[in-house]
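Input: a single structure, listed below in structure tokens.
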């Protein structure tokens, strides 16, 4: 039984989805869940649920981080926020992981700060956000936006952390690590990629070279390494294109009765595809490199997405990915 | 009547699509087309076509640039290539534009080199590749891969060149220019974006702020400015996602007879969507910032795509985008 702290005030429509997702997780995983936030609102949500036999505990937090808050202002300016309290439960060893669907920048800032949050694992230059990419092959992308400006050494460490996660949690032996680039040839890519190639090639990682977005999506590598700016643009472009195509299909289907009928007949197929590509399905972004497990779900998360993110958080904790990174970074990172 | 030089040895399956596309263009636009490459192969292709009344002329070039050639080797190492000869026709004023579906790096290198090719327009720091993004709104993306590492000043110039193209050729008044970033707030983005913001905000351009890939695709700006690495990743991710979804739909449709029937009924709708999103439909990438018109089509181009690229090249020439950039860069660039 794991103990997971969940930010009840995280999602765009908090605390509804956050609390409902936590209840789902408590039932499915049998875990103890701390619901962190405004006690009265949380209780009102819990009253709508059947919580018999579940291990749920409200932990009061007076302040709420909003999506409009500037991360830098929040970290020191709202010390009583549900994020501070939730991260604090992990820091004090009372929870094994923290899950929030709130402001990503604020969550990063609070989690990374020593003392207030969890601090970095010794040897880790920059914690990073990793995400499971929602194509069938489920490759892992790191960094998805924590570090917009990177040095080659950070990229190598992202490779180490991503590889350890994929190995421990997804059970892939010697995960194939690749750099995301504009071509497979060594000469392709920007200066950062070119510098990172030699670092990765000379590491203990199973580095297989550079890949383009297409090959990454098709699972040509288990771990796609990139800077947080590129990773974020890549992920957002994929999401936007999938959405654009769905809408184009819907609008084209309305143009003729045959197409409309066709669309109806294909509805279950579309539903399966949408579900497979749904970022909610794969859970949240994993903050790797800090002294504790933090998973940041999308602000638009529904209850199911929150439950999935909690599932990821418990796997990270259960497989001790933090311990693995602590060991791996000091060995692989210091060569 | 424009005079367009077409690289007959450019596409992956040259000279078939290249010659057939040129014939289509000669018929549709009534232009004079120079077919540059191996005379015998070109003649063999022309023999398959009805060329009565068309203005087509073969210009012999002994060497062929391959996709495996390293650009740096080709520029000086294959001076008799169809790219050299085609670009030379523009340099000497015998053609108004050059179109190739060959090796992008080689075409860039040859076109940019002074003496051998066209050289840069005075004041232009870095020529860039612009592409019309194939969503319904047809926004313009610049740079799509010519410059993997950029300074903020280059990005401002990309904005100027993109804006002039969109204004002149697409007829948009005061095109809205935006920086592609990971968020709309000024604080979002990497250092390059943050530096470019003030340059663009202080320019004469109609700079509207930063946009995410989704908003760009939906046409929230007429010109999306980014470095060539990010632009290339963005474009390739969009193409890969569209392809991934098409294949997912096809494979899901096979799983039930109802879905299969639905797929058949929706076929015309899918075809319209595929056609709309087809990069071939919008033509090639425009090399902006050199002293002449160069359009680089995809290596996988079919005859239709070559014809579309020729159509873009003739518009660029007709509207004198090179002249507009020559004037615009010196005014806007030197403030």
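May I ask you to derive the FRET efficiency for residue B:330 and residue B:300 from their Cβ-Cβ distance with R0 = 35 Å, giving the value to the nearest 0.05?
Efficiency at R0 = 35 Å is approximately 0.40.
What nm distances, shortest first, do you get from the label point of residue B:170 to those in the other copies when the point sits 7 angstrom along Cα to Cβ?
Here residue B:170 shows inter-copy label distances of 3.6 nm.
For segment B:90-121 and segment B:147-213, what is the separation of their Cα centres, given in Å?
26 Å
Pairs of Cα atoms under 8 Å, at least six residues apart: use those to get the relative contact order of chain B, whole percent.
Rounded, it is 23 percent for chain B.
So what is the relative contact order of segment A:125-288, in percent, for Cα pairs below 8 Å that sit 6 or more residues apart? Don't skip to the answer; put the middle values down first.
Values: 273 pairs, mean separation 55.7, N = 164.
For segment A:125-288, the relative contact order is 34 percent.
At residue A:60, label 7 Å along Cα→Cβ: distances to the other copies, nm, ascending?
9.4
Measuring label to label, 7 Å along Cα→Cβ, what does residue B:44 give against each other copy in nm, shortest first?
Relative to the other copies, residue B:44 has label-point distances of 7.9 nm.
Using only atoms on other chains, find how many Cβ atoms lie within 10 Å of each Cβ of peptide B:147-154 and report the average. Numbers along the way, then the final one.
Values: counts 1, 10, 5, 1, 0, 0, 0, 0.
Mean inter-chain Cβ contacts per residue within 10 Å come to 2.
Counting helices only, and only those DSSP H runs with n ≥ 4, report the 222 nm mean residue ellipticity of chain A as the sum of -39,500 (n - 2.57) divided by its residues, in deg cm²/dmol to the nearest 500.
The per-residue figure over chain A is -14500 deg cm²/dmol.
How shielded is A:263-274 by partner chains, expressed as the average number of their Cβ atoms within 10 Å of its Cβ atoms? Don't jump to the answer; show the numbers that get you there.
Numbers: counts 4, 4, 12, 12, 3, 6, 14, 6, 1, 4, 6, 2.
The per-residue average across the peptide is 6.
What does the structure give for A:14-20 when I average, per residue, the other chain Cβ atoms found within 10 Å of the residue Cβ?
Partner-chain Cβ atoms within 10 Å, mean over residues of A:14-20: 0.
Please say if chain A is rounded, prolate or oblate, where rounded means a/c under 1.5 for a ≥ b ≥ c the square roots of the C-alpha gyration tensor eigenvalues, and otherwise the choice is prolate for a/b larger than b/c and oblate otherwise?
It comes out oblate by the Cα gyration axes.
With the cut-off at 1.5 for a/c, could you classify the protein assembly as shown from its C-alpha gyration tensor as rounded, prolate or oblate?
prolate
For segment A:6-56 and segment B:1-68, what is the separation of their Cα centres, given in Å?
Using only Cα atoms to place each centre, the spacing works out to 68 Å.
At a 10 angstrom cut-off on C-beta neighbours, averaged per residue, how do the peptides B:285-296, B:215-226, A:88-99 rank from highest to lowest?
Order by mean packing, descending: B:285-296, B:215-226, A:88-99.
Every number in this text was worked out from the coordinates using simple rules, so none of it is lab data. The structure displayed is predicted, hence computed values, not measured ones. Every residue, glycine as well, gets a Cβ built from its backbone with ideal geometry; the counts of neighbours run over all protein chains shown.
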